[in-house]
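Peer 1: Following this message is one structure expressed as C-alpha cells.
Computed from the coordinates by the stated procedures, all read-outs in this text should not be read as laboratory data. Everything numeric in this text was worked out from a predicted model, so none of it was measured.
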Amino acid sequence: MEPREIARDTPANEEIAVVLEQMAAVLEEREANPYRIGAYRQAAQTIRAHGEPLTGLYAEGGVNALMELPGVGESLSAHIARYIETGRLGRRSRQDDAFDPVVLFSSIPGVSRALARRIVDELGVTTLDALERAAYDGRLLGLKGVGRQTVAALRLQLNSLLQWTALERRRLLRDDAYRLATLDEARPALRKAA
C-alpha cells in the first residue's frame, strides 16, 4: 500500500479525540441515536490511549489501518481520515451551520442575516425557544429597526416552527417505542429459533 500524503499540519491524537467528543456532543444535542453518540466517545477514548500517532498510522496504512483500532469502524475511520487530511470531520461543517444561531434565525421568513446577527450579539439569544421568549418579553422590540409588526410576524413563525418540532419529536418517540415493543415481542421467538 502506498503511503498517504498529508497536506496540512498533522493533528495529534488528543486533537482528534477532542473533535470526536465535540461531534458526540453535537449529536447528543440533536438527540441522535445513543449508540452512534457512544461510538464517537468510545473512539475518542481509544485514540487517546493509542500509543502511536494516528497520522502516522493513516499515512502508512490508510483507512484500513484506522479500522483496526478497537471501536473504530468504517464510517468513523473515514471521518478521521478526512480530518487528518483536511481538518474537517465528515459533515461537521454542515452540522455546525445547523447549530449556528445566525444561520438558524435567518432561515425564518422575515429575519434577515443582519437582524439575526444583532439578535445573537445584542440579546445573547441562541435558540428558537429563547428567541420566542425575547419576542414576548419585549427584548426584541428593543432592537433598533424592529417594530411591532415584525415581532407579531416572528411570533407566528416561531409558534409554527416550535409546534412542528414538538410534534415531530413526539412522532419519533412514538415510532421508537413501537419498534422497541415489536422487538420485545419478537425476542421469545428468536430465542426459541436459536
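Peer 1: Hey, what did segment 13-97 get for relative contact order, percent, Cα under 8 Å, at least 6 apart? Could the numbers behind the result be given before it?
Peer 2: Values: 77 pairs, mean separation 22.4, N = 85.
The normalised contact order for segment 13-97 reaches 26 percent.
Peer 1: Spelling out what I want: for every residue of segment 22-30, take phi, set θ = phi - 60°, compute 6.51 cos²θ - 1.76 cosθ + 1.60 (Karplus), and round to whole Hz; glycine and proline get x.
Peer 2: These are the phi-based 3J(HN,Hα) values: 5, 5, 4, 5, 4, 5, 5, 4, 7 Hz.
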